[in-house]
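Below is one structure, written out as structure tokens; comments come after it.
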Amino acid sequence: MLKSCYQSKVLEVGCDEVGRGCIAGPVVAASVIFPHDYSNESIKDSKTISPKKRIEIEKEIKKHAISWSIGEIGVVQIDEENILNASFSAMHLALHKLEVRPEFIIVDGNRFRKYENIDHECIIKGDSKYLSIAAASILAKNYRDELMKKFSLKYTQYDWDKNFGYPTKSHRDGIKKYGVTDLHRKSFKLL
């Protein structure tokens, strides 16, 4: 069972991103604020849940969250500022779009760029320890997967509906045969 919060005396938001290891498409982050006493055994790290189950859980997250939001940073900005900084920018955007201002931020991972004047804590494997971070990982993953499926309708030769922009053999074979698109990260090693 995941912990409901890191600090119970303040309004806390969990933040996570998805798509850092991809060679195509945006990096997407989500932020989720739950009530302190909220619990849900179905919410886990998005990587451990089937796509169908993730979609069901997303409805629960959105229903019970005090506030939630998504931030998306495209390939141009990823190539300009590097993927780590683009990940921070996506998280900042998700935090900025929240309807309720949090008092404390918990972030999955070991690095984060301070957001405004709000204190934060980086938590390695936070998506497998804290409910709000796991929920953020689910929202970000669902949103990004759907986006890559849409892009895949235009660019059928890269299998984005299956690999979601990650550097699989079929994706790299597509690049070898058809070249790169405007959705490929030119600053990444594509082949």
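Computed from the coordinates by the stated procedures, all read-outs in this text should not be read as laboratory data. Everything numeric in this text was worked out from a predicted model, so none of it was measured. Quick reminder, even Gly has a Cβ in these numbers, built from the backbone with ideal geometry, and neighbours come from all protein chains shown.
Mind giving me the FRET efficiency for Leu191 and Ser42? R0 is 35 Å, r the Cβ-Cβ distance, nearest 0.05 is fine.
Working: r = 39 Å, r/R0 = 1.13.
Efficiency for this residue pair is about 0.35.
Given the DSSP H assignment, sum -39500 (n - 2.57) over each helix run of at least 4 residues in the chain and divide by its residue total; what's the result at 222 nm in deg cm²/dmol, nearest 500? Write out the running numbers ahead of the final one.
On the way: 6 runs with 73 residues, N = 191.
Taking each H run of at least 4 residues, the total per residue is -12000 deg cm²/dmol.
Got the relative contact order for the range 46-161 handy, in percent, Cα pairs under 8 Å and 6 or more residues apart?
On the way: 108 pairs, mean separation 26.6, N = 116.
Relative contact order comes out at 23 percent.
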Rounded to whole angstrom, the alpha-carbon centroid of the range 39-105 lies from that of the range 5-32 at a distance of 4 Å
In whole Å, largest first, the alpha carbons of the chain cover along the principal axes 56, 34, 26
Once the in-chain neighbours fewer than 8 apart are removed, the aspartates and glutamates whose Cα is under 14 Å from Lys149 read Asp159, Asp161
